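*Asks:* Dumping the structure here so I can ask a few things about it.
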Amino acid sequence: MPVPAYRTVAEQLRRRIADGEFAGGRRLPSRAELSRQYGVGSNTAAAAVRLLAAEGVVRGRPGQGVYLREQPSTGTMARSWTRERLLGTLAVSDPGADGSGEEGRTVRSTPLSTTEPAGPAIAARLGLAPGAQVVRSRYRLSRDDLPAMLCVSWEPLEITGGTPVTLPGAGPMAGESVVARMTYIGIRVTHSTETVTARPCTREEAADLDLTPGAAVAAIERTYYADALALETADLVVPGERFRLAYEIPADRTGPAA
């Protein structure tokens, strides 16, 4: 059975990529250029590129063309009580050629916050009555210019309302960690819980994290506590192709360090 022309073009492009002709991040030839190079119609050339995009090999940039997708090395994201976590940044190390790790630069987008009634699931996570007012915030963390985490969080308004830290992105503690913001208003965070699930990303998450639709992500359900009082709960989404998660569990059962 004859191989469709678009698959033949896609295979030849894969070989050129494997040979290093297109380095990560470099623009591929346009549809017209591919048509001339392979003697096919523009629709065939477009189908070949769509196939490579569906495989996660290339990605389109609106108004700019199609580029070979960068293949970042997988780093280890520490989810324990690290200094970086207490500061609200990402503790990520990439294995170097000599076995050492190197910390990158974390950038947090300004949280978009709204006040809303808590739905049943969020109310249960926070120990609230359904419909209680919460502050919902959404932001993204990037590491070395690559999207690293999406975060949607909910905080009980009865705890932060009327304080300087009501909104995570405003006031004297804007952009600081939950631990730092709560400490500012006299509340000591004692511990947190995290539940991790592996699943395909949604289309919205794929766009925000620069992933192929359906790529694997780690979905983390996190809640911060002051003893038994829930202070904040959040849904975190981490690209599976970029990071693995690491947890440190103390053996003496004394809990997290202050």
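*Asks:* Name every residue in the range 175-196 that is farther than 17 Å from GLU221 by Cα and of a type in the set (S, T, N, Q), in order of residue number.
*Replies:* Result: THR183, THR190.
*Asks:* Does any residue of the range 118-137 turn out to be polar (S, T, N, Q) and open to solvent by less than 20 Å² (accessible area, probe 1.4 Å)? Can you show your working first?
*Replies:* Narrowing the range 118-137 to residues polar (S, T, N, Q): 133, 137.
So of that shortlist, the ones also open to solvent by less than 20 Å² (accessible area, probe 1.4 Å) come out as 137.
Yes, some residue in the range 118-137 is polar (S, T, N, Q) and open to solvent by less than 20 Å² (accessible area, probe 1.4 Å).
*Asks:* Of the numbered conditions (1) more than 20 Å from PRO111 (Cβ to Cβ); (2) in contact with a strand residue (DSSP E or B) (Cβ under 9 Å, 6 or more places away or on another chain); (3) open to solvent by 60 Å² or more (accessible area, probe 1.4 Å), LEU245 fails exactly one; give the number of that condition.
*Replies:* Every condition holds for LEU245 apart from (3).
*Asks:* Please enumerate the residues belonging to the range 9-49 that are closer than 25 Å to ALA215 by Cα and free of Cβ contacts under 8 Å to residues at least 12 places away in the same chain.
*Replies:* Hits for the range 9-49 are GLU11, ARG15, ARG16, ALA18, GLY20.
*Asks:* Residue under question is SER80, and the condition is that it be open to solvent by less than 30 Å² (accessible area, probe 1.4 Å), among the polar types (S, T, N, Q) and touching a residue at least 40 places away in the same chain (Cβ under 8 Å); does it hold? If you could, list the steps in order and put the result at the bottom.
*Replies:* Working: open to solvent by less than 30 Å² (accessible area, probe 1.4 Å): yes; among the polar types (S, T, N, Q): yes; touching a residue at least 40 places away in the same chain (Cβ under 8 Å): yes.
Against the criterion (open to solvent by less than 30 Å² (accessible area, probe 1.4 Å), among the polar types (S, T, N, Q) and touching a residue at least 40 places away in the same chain (Cβ under 8 Å)), SER80 qualifies.
*Asks:* Continuing with the same structure: For the range 29-69, name all the residues that are open to solvent by 30 Å² or more (accessible area, probe 1.4 Å), in contact with a Gly (Cβ under 7 Å, 6 or more places away or on another chain) and in a loop (DSSP other than H, G, I, E, B).
*Replies:* Within the range 29-69, just SER30 meets the criteria.
The values are calculated or read from the model by the stated rules, or taken from the named source; none is laboratory data. Because the structure is predicted, anything quoted here is derived from the model rather than measured. Cβ: placed from backbone, ideal geometry, glycine included. Neighbour counts: every protein chain shown. Only protein heavy atoms, including side chains, enter the accessible area calculation; ligands, DNA and RNA are left aside. Shrake-Rupley method; radii C 1.70, N 1.55, O 1.52, S 1.80 Å.
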